[in-house]
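S.K.: Mind having a look at this structure? Questions to follow.
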Amino acid sequence: MKTVAARFILLIHLACLAIVALPFAAIAGDASEARAKQVVDAIIEAYGGKTSLRSIKSVVATGSITDFMQGIGGHYARYYQQPDKLRIEVMPDQGGETRILDAGRGWRGNGGALREVHGPPLQAMIYQYSYLDLPMGFVDNRSHATYAGTREWKGRPVDVLELTPSGAPLLRLFVDREKHLIVRVSAAFNMGMGASELITEYEDFRPVGKVLFPFTLINYAGELKLSTITLTNIQVNSTLNPELFTTIRP
């Protein structure tokens, strides 16, 4: 009887603990959501404010890229347009690659014909659009972030935000806690032989009109440095030719 009574008392005790824990879990969730909003609001302000960011509908960025894997470098161009349009040109004059993303479908290739891609190559393009859409996407609520704590990165503290783009893996942002600028983005991709983390780091922030943009982007696969993109010109709200986002299919 004592054993049965003891078990009954233990069950009641555990039930009470569970009931008490529920409000604490809710409070923790509320605090995390509040912190995410604080960080996002600080990002928006640091980059130029809601009005300036909301006005941006297209971005054209040109410069050069250094490919450390192949030991070559050349022209780079990026055309971003809302909603969900992105064109990347990597050394087209040297037989490089063109990538086009349009409304969740992607094409890539060189020369005159581009082939539609699926799986990780398409996910990588959606991921790239998703981070290039920031912080504009925060202003228009296209992107919703959750708070994932703090870390130390390159000797300084950063806030970590996480987003889940439609059609791409979880996107993780490192945000400088002093300047409130996004300094690193990453996502893990399954390439068929295990997961690989793709990383882009941002440097050399400069104003274009009233909005800050990074003029240097450094790309990694895990610890392996892939390329550096050095931008020399960024234009916002140019009228883009629709043919930039069309494809010639073989």
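The values are calculated or read from the model by the stated rules, or taken from the named source; none is laboratory data. All values derive from a computational prediction rather than experimental measurement. Reconstructed Cβ throughout: ideal geometry from the backbone, glycine too, with neighbour counts over all protein chains shown.
S.K.: Taking the options ILE126, ILE56, ILE65, ILE100, name whichever one is over 24 Å from VAL183 (Cα atoms) and of a type outside the set (Asp, Glu). Walk me through how you get there before you give the answer.
M.R.: Numbers: ILE126 fails: over 24 Å from VAL183 (Cα atoms); ILE56 fails: over 24 Å from VAL183 (Cα atoms); ILE65 fails: over 24 Å from VAL183 (Cα atoms).
None of the others qualify; the one that does is ILE100.
S.K.: Just give me the residues in the stretch 48-75 being polar (S, T, N, Q) and in contact (Cβ under 8 Å) with a residue 24 or more places away in the chain, in sequence order. Steps first, answer last, please.
M.R.: Step one: filter the stretch 48-75 for residues polar (S, T, N, Q), giving 51-52, 55, 58, 62, 64, 66, 70.
Once the filter is applied, which keeps residues that are polar (S, T, N, Q) and in contact (Cβ under 8 Å) with a residue 24 or more places away in the chain, the stretch 48-75 yields SER52, SER55, SER58, THR62, SER64, THR66.
S.K.: Then there is this: Among the residues of the stretch 79-89, are any within 22 Å of ALA187 (Cβ to Cβ) and among the hydrophobic types (A, V, I, L, M, F, W, C)?
M.R.: yes
S.K.: On to the next question. Could you check THR66 against (1) of a type in the set (Ser, Thr, Tyr); (2) farther than 18 Å from LEU134 by Cβ; (3) in contact with a Pro (Cβ under 7 Å, 6 or more places away or on another chain) and say which number it fails?
M.R.: For THR66, the failing item is (3).
S.K.: When you go through LEU171, LEU226, LEU244, LEU240 one by one, which is the residue that is surrounded by 14 or more Cβ atoms within 10 Å (Cβ to Cβ) and more than 22 Å from GLY104 (Cα to Cα)?
M.R.: Numbers: LEU171 fails: more than 22 Å from GLY104 (Cα to Cα); LEU244 fails: more than 22 Å from GLY104 (Cα to Cα); LEU240 fails: more than 22 Å from GLY104 (Cα to Cα).
Every option except LEU226 fails the conditions.
S.K.: So, one more: Among residues belonging to the stretch 222-242 that are under 20 Å from the mean Cα position of the chain (by Cα) and of a type outside the set (A, V, I, L, M), point out the one that is farthest from ARG87 (Cα to Cα).
M.R.: So in the stretch 222-242, the residues under 20 Å from the mean Cα position of the chain (by Cα) come out as 222-231, 234, 236.
So of that shortlist, the ones also of a type outside the set (A, V, I, L, M) come out as 222-223, 225, 227-228, 230.
Values: GLY222: 25, GLU223: 27, LYS225: 23, SER227: 18, THR228: 18, THR230: 17 Å.
If we take residues in the stretch 222-242 being under 20 Å from the mean Cα position of the chain (by Cα) and of a type outside the set (A, V, I, L, M), then GLU223 is farthest from ARG87 (Cα to Cα).
S.K.: Shifting gears a bit: Scan the stretch 128-148 for residues that are aliphatic (A, V, I, L, M) and in a helix (DSSP H, G or I) and jot them down.
M.R.: Scanning the stretch 128-148 gives LEU132, MET136, VAL139.
S.K.: State all residues of the stretch 110-126 that are at pLDDT below 90 and either on the phi > 0 side of the Ramachandran plot or in a strand (DSSP E or B) (or both); if no residue qualifies, say none.
M.R.: GLY111 - this is the single residue of the stretch 110-126 that is at pLDDT below 90 and either on the phi > 0 side of the Ramachandran plot or in a strand (DSSP E or B) (or both).
S.K.: I've got another one for you. Does PRO214 fit the bill of being at pLDDT 95 or above and not β-branched (Val, Ile, Thr)? Break it down into steps so the answer makes sense when it comes.
M.R.: On the way: at pLDDT 95 or above: yes; not β-branched (Val, Ile, Thr): yes.
Taking the combined requirement at face value, the residue satisfies it.
S.K.: Sticking with this one: Has the stretch 122-140 got at least one residue that is farther than 24 Å from PRO214 by Cβ and either surrounded by 13 or more Cβ atoms within 10 Å (Cβ to Cβ) or in contact (Cβ under 8 Å) with a residue 12 or more places away in the chain (or both)?
M.R.: Here is the first cut: in the stretch 122-140, the ones farther than 24 Å from PRO214 by Cβ are 122.
Those left that are additionally either surrounded by 13 or more Cβ atoms within 10 Å (Cβ to Cβ) or in contact (Cβ under 8 Å) with a residue 12 or more places away in the chain (or both): 122.
Scanning the stretch 122-140 turns up at least one residue that is farther than 24 Å from PRO214 by Cβ and either surrounded by 13 or more Cβ atoms within 10 Å (Cβ to Cβ) or in contact (Cβ under 8 Å) with a residue 12 or more places away in the chain (or both).
S.K.: How do the strands (runs of 3 or more DSSP E) wholly within the stretch 149-191 filter down when requiring 3 or more residues that are more than 30 Å from VAL117 (Cα to Cα): which remain? Step through it out loud before you land on a result.
M.R.: Working: elements: 156-163, 171-176, 182-190.
It comes to 156-163.
S.K.: Continuing with this model, one more query. For the subset of the stretch 188-208 comprising residues that are surrounded by 14 or more Cβ atoms within 10 Å (Cβ to Cβ) and either modelled with pLDDT of 95 or more or closer than 19 Å to LEU53 by Cα (or both), which member is farthest from the chain's Cα centre (by Cα)?
M.R.: VAL208
S.K.: In the stretch 76-107, how many residues are within 16 Å of ASN219 (Cβ to Cβ), free of Cβ contacts under 8 Å to residues at least 60 places away in the same chain and of a type outside the set (A, V, I, L, M)?
M.R.: Residues in the stretch 76-107 being within 16 Å of ASN219 (Cβ to Cβ), free of Cβ contacts under 8 Å to residues at least 60 places away in the same chain and of a type outside the set (A, V, I, L, M): 5 in total.
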